[in-house]
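Enquirer: Take a look at this one; I'll ask things after.
The values are calculated or read from the model by the stated rules, or taken from the named source; none is laboratory data. As the structure is a computational prediction, the values presented were derived from the model and not from experiment. Backbone-built Cβ (ideal geometry, glycine too); neighbour counts: all protein chains shown. To get the accessible areas, we keep the full protein, side chains included, count just its heavy atoms, and leave off ligands, DNA and RNA. Shrake-Rupley method; radii C 1.70, N 1.55, O 1.52, S 1.80 Å.
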Amino acid sequence: MNGWTGNLLRINLSTESVKKESFTEEFARTWIGGRGFALKILWDELKPGIDALGPENKLVVALGPIAGIPAPNTGKTVVAAKSPLTGGYGDGNLGTRVTVELRKAGYDGLIIEGQARSPVYLNIINDRVEILPAGEIWGKGTYETMSWLYKKYGKAAGILTIGQGGENKVLYAVIRSMEGRSGGRPGIGAVMGSKNLKAIVVKGTNDIPMADPLGMKKLGAEDLRKVGEIDKKTGWSVQGTTGVLSWCNEVAALPVRNMRKTSHQDAWRIDGERLNNARVATYGCPNCTMRCGITIHDHEGRESELDYENIGMLGSNLEIFDLPQVASLNYLCDDYGLDTISAGAVLGFYADAIDRGSIKGNFQFGDAERAKELLRMTAYREGAGDILAEGTMRMAQKIGQDSMDYAMQVKGLECSAYNCKFIPGMALAFATSPIGAHHKESWVIMFEITQTSRESYGPEKAQKVIELQRIRGGIFEFIVACRFPWIELGWDLQHYADYFNKITGMNWTLADLFKVSDRIYALMKFFWLREFPNWDRTRDYPPKAWFDPSNADKEGPIAGKILEWDKYEKLLDSFYDIRGWDKRGIPTKKTALGLGLAKEAAEVEKYAKLE
Ligand code: PTT
Ligand code: SF4
């Protein structure tokens with residue numbers, strides 16, 4: 001089967017059994033890979049209602065046909081499971097050498113099931129799979145764990161690991177790789193920890209199967225060079241993602257003080273220019289010529305890699321405008337293996353709840369030293385850290401009063417670093433993201449602010465959100481490649497269809513690939529519906545704080561403006577109409593059948609009637 005190795009590796013940690021399984025060409029063509037594979041496997045194999053942190057949940061590591069091949073930015077891997085944070089489908093996408101090594105070892109993915117009796121790690125070399133004791137690294141941070149594994153297996157090995165956060169099942173623990181890479185915001189690291197699995201090491205020595213290997217090699221090398229040249233010309237990776245911070249501050253979209261404010265006079269102290277001036281080194285994922293991982297020395301002198309989201313959520317959102325201190329908070333999240341976005345949102349929510357008098361506690365905005373202590377307590381679930389480890393939704397459920405209104409989350413996942421008080425399209429993007437409030441699915445904010453009116457709730461915004469979801473949450477997540485060449489450098493999307501065809505020997509258009517995106521989005525919704533049979537459209541609502549007139553900015557570009565409920569409802573209706581979903585936000589039977597989901601629709605009808 002050109003383009004796919006045709007194999008998945010199933011490892012059961014309870015029974016210590018290992019099985020190489022082949023998949024059919026039909027499975028490959030229907031779900032392609034990455035998010036598509038992971039979703040379909042979890043849909044088929046998980047019973048609804050299982051405990052996400054129990055042995056019945058499965059951790060899927062999934063690659064796509066483009067993953068690991070010599071072409072621009074193909075060093076990415078999808079990690080997925082039922083999310084312990086949201087209770088729905090959850091995944092993330094991280095740069096790692098595992099991408100290349102696992103494909104070379106002969107697999108397009110791993111399915112890890114059960115629960116080891118004591119801590120273990122996996123060592124995979126082609127067909128040889130070892131389940132080894134992890135006593136020496138259990139309890140250690142990700143940096144120490146990675147260097148221990150590097151010493152044993154060499155720096156070229158592909159490694160995924162968790163920190164203490166994953167071990168202690170912090171609900172927003174991530175999986176880490178290559179020092180600066182992290183993925184699986186909805187607690188996929190906690191699922192790995194719940195299986196007593198500390199790390200996965202992979203090495204492979206085979207060729208990745210391609211229909212036209214020589215042609216692809218030539219084209220890939222040429223395109224990697226071209227992407228590198230465009231990056232140099234545009235200067236994008238000088239600041240990488242952090243270039244967006246000063247823009248967000250200017251247009252009143254920055255998270256400040258648990259997103260109560262949208263800009264701050266001191267934001268310049270933590271912006272991309274300051275970061276670049278303090279740069280110590282640059283890191284990147286495999287197969288990348290526009291590397292965006294910028295490290296600086298943190299307050300304690302350690303090297304810490306910062307992206308915009310990290311600075312926005314651990315910096316401005318907590319009113320900490322000291323870059324080395326923000327880098328320290330980021331370092332701790334990386335070492336403990338906690339998601340920086342959720343960690344920043346949780347700390348912001350905690351400070352806000354104390355500030356409003358809803359709870360008693362010891363933390364104020366701006367207090368970097370206490371924030372460090374709270375991160376440690378969270379990773380070990382000590383004292384207040386035990387509730388902070390549960391994420392904002394559960395914290396708000398516990399605090400009660402009106403605290404859910406200012407818990408900045410959707411479906412249980414904390415919002416990334418875009419304050420959408422008056423950005424209806426981006427608020428819709430957060431609200432309809434199929435894993436909870438993540439910007440990865442549809443980053444419509446730039447289009448919305450620079451190319452349309454911020455005031456508009458017209459269907460063109462719903463259309464744009466869907467167009468971006470099809471590309472970002474769709475194509476890039478199932479062929480599996482980094483989207484930055486496309487979004488940041490304008491590298492034409494058609495290139496990816498060309499790579500796909502060259503590798504698989506097929507002749508697909510972008511429209512064919514978009515159909516797969518829609519199929520995946522429909523099944524992700526079915527996954528949620530099966531878990532929450534009383535599903536209604538309120539689950540696709542953004543946080544209430546963005547609709548509260550008393551929360552409107554008092555000054556600046558959006559003074560007095562706030563989102564409006566009746567207009568948002570219409571925007572959501574437009575979104576559902578374009579997608580062919582009903583007013584509850586559920587794909588109709590006609591839509592499901594049109595996407596080839598007859599069997600899945602019949603299964604979901606056991607739980608809720610489709611229109
Ligand atoms: C991603 C989310 C992001 S998105 C960021 S910064 W970003 C945060 N990074 C974290 C971190 O770092 N450490 C940590 N402990 N937690 C973190 N949580 C946050 O996780 C990342 C880049 C970035 S930087 C982005 S936007 C793009 N994301 C892509 C994506 O999602 N899909 C895709 N096909 N290509 C992408 N390219 C870009 O990759 P999640 P990475 Mg990450 C230190 O995984 O769960 O999706 O959350 O992957 O290898 O670190 O690269 O301004
Ligand atoms: Fe990784 Fe950044 Fe390169 Fe994307 S652009 S592959 S995130 S280093």
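Enquirer: Between ASP548 and LYS152, what is the label-point separation in nm under the 7 Å Cα-to-beta-carbon projection?
Expert: Roughly 4.9 nm, to one decimal.
Enquirer: Another question about this same structure. Give me the percent of accessible area attributable to carbon and sulfur for the chain, probe 1.4 angstrom. Spell out each step's value before the answer.
Expert: Numbers: 10060 of 20490 Å².
Here it works out to 49 percent.
Enquirer: Going highest first, how would you order 127-140, 100-113 by mean Cβ packing within 10 Å? Write out the running numbers ahead of the final one.
Expert: On the way: 127-140: 15.6, 100-113: 24.1.
Top to bottom by mean Cβ count within 10 Å: 100-113, 127-140.
Enquirer: Let me ask you something else. Say R0 is 41 Å: what FRET efficiency, to the nearest 0.05, do ARG370 and LYS217 get from their beta-carbon distance? Numbers along the way, then the final one.
Expert: On the way: r = 53 Å, r/R0 = 1.29.
The pair ARG370/LYS217 has a calculated efficiency of 0.20.
Enquirer: Give me the three principal axis extents of the chain from the C-alpha atoms, as integers in angstrom, largest value leading.
Expert: 60, 55, 51
Enquirer: Under the 0.36 nm per residue contour assumption, what length would be gained going from the current alpha-carbon distance of LEU132 and ASN7 to full extension? The partial results should precede the final answer.
Expert: Working: separation 125, 0.36 × 125 = 45.00 nm, distance 2.28 nm.
So the chain would gain 42.7 nm between LEU132 and ASN7.
Enquirer: Would you mind pulling out the separation of the Cα centroids of region 76-144 and region 513-545, in Å?
Expert: 27
Enquirer: Please identify which residues in region 106-135 have an amide N closer than 17 Å to a label point set 7 Å out from the Cα of LYS20, following the Cα→Cβ vector.
Expert: So the set is 106-111, 123-131.
Enquirer: Still on this model: So, counting K/R as plus one and D/E as minus one, what does the shell of residues with Cβ under 14 Å around ARG10 add up to? The partial results should precede the final answer.
Expert: On the way: positive: LYS19, LYS20, LYS58, LYS195; negative: GLU16, GLU21, ASP44, GLU45, ASP108, GLU113, ASP127.
Taking every other residue near ARG10 into account, the sum is -3.
Enquirer: Under the classification rounded if a/c is under 1.5, otherwise prolate if a/b is larger than b/c and oblate if not, where does region 421-611 fall, given a ≥ b ≥ c as square roots of the Cα gyration tensor eigenvalues? Present the calculation step by step, with values, prior to reporting the outcome.
Expert: Working: a/c = 2.44, a/b = 1.22, b/c = 1.99.
Oblate.
Enquirer: Between region 176-243 and region 394-420, how far is it from one alpha carbon centroid to the other, in angstrom?
Expert: The distance from the Cα centre of region 176-243 to that of region 394-420 comes to 32 Å.
Enquirer: Give me the aspartates and glutamates in straight-line cross-link reach of LYS570: C-alpha distance below 19 Å, same-chain residues under 8 apart excluded.
Expert: Within the straight-line limit of under 19 Å, LYS570 reaches these aspartates and glutamates: GLU448, GLU455, GLU460, GLU467, ASP536, ASP540, ASP548, ASP582.
Enquirer: Count the net charge of all other residues whose Cβ sits under 12 Å from the Cβ of ALA371, scoring Lys and Arg as +1 and Asp and Glu as -1. Before the final figure, lay out the partial values.
Expert: Values: positive: ARG370, LYS372, ARG376; negative: GLU319, ASP322, ASP367, GLU369, GLU373.
So the environment of ALA371 carries a net charge of -2.
Enquirer: Filter the cross-link list LYS398/LYS554; LYS195/LYS599; LYS525/LYS606; LYS525/LYS589 down to pairs whose alpha-carbon distance in this structure exceeds 19 Å.
Expert: Details: LYS398/LYS554 31 Å; LYS195/LYS599 31 Å; LYS525/LYS606 15 Å; LYS525/LYS589 13 Å.
From the list (LYS398/LYS554; LYS195/LYS599; LYS525/LYS606; LYS525/LYS589), the Cα-Cα distance tops 19 Å for LYS398/LYS554; LYS195/LYS599.
Enquirer: Sticking with this structure for a sec: Per residue, how large is the accessible surface of region 235-419? Use a 1.4 angstrom probe and give square angstrom. Please report the intermediate quantities before stating the final value.
Expert: Working: 5980 Å² over 185 residues.
It amounts to 32 Å² per residue over region 235-419.
Enquirer: So how do 80-90, 243-253, 568-578, 596-606 stack up, highest first, on mean other-Cβ count within 10 Å? Intermediate values should be presented prior to the final figure.
Expert: Working: 80-90: 27.4, 243-253: 21.3, 568-578: 18.1, 596-606: 15.6.
So the peptides 80-90, 243-253, 568-578, 596-606, ranked by packing, come out 80-90, 243-253, 568-578, 596-606.
Enquirer: Okay, next question. Report the Cα centroid-to-centroid distance between region 1-25 and region 465-512 in angstrom, as an integer.
Expert: Cα centroid of region 1-25 versus Cα centroid of region 465-512: 26 Å apart.
Enquirer: Looking at the square roots a ≥ b ≥ c of the eigenvalues of the Cα gyration tensor of region 9-69, which shape do they give, rounded for a/c under 1.5, prolate if a/b is larger than b/c, or oblate? Could you put the intermediate results ahead of the total?
Expert: Values: a/c = 2.02, a/b = 1.51, b/c = 1.34.
Verdict is prolate for region 9-69.
Enquirer: In the neighborhood of ASP405, defined by Cβ-to-Cβ distances under 10 Å, what is the net charge if each Lys or Arg adds +1 and each Asp or Glu adds -1? Don't skip to the answer; put the middle values down first.
Expert: Details: positive: LYS544; negative: ASP402, ASP548.
My count for the surroundings of ASP405 gives -1.
Enquirer: Give, as ranges by residue number, the residues of region 352-374 whose backbone N falls under 11 Å from the point 7 Å along Cα→Cβ of GLN265.
Expert: Within reach of a label on GLN265: no residues.
Enquirer: Per residue, how much accessible area does region 1-83 have with a 1.4 Å probe, in Å²?
Expert: Details: 2510 Å² over 83 residues.
So region 1-83 comes to 30 Å² accessible per residue, rounded to a whole number.
Enquirer: Can you list the aspartates and glutamates whose alpha carbon sits under 18 Å from that of LYS58, skipping same-chain ones fewer than 8 residues off?
Expert: GLU16, GLU21, ASP44, GLU45, ASP91, ASP108, GLU113, GLU167, GLU531
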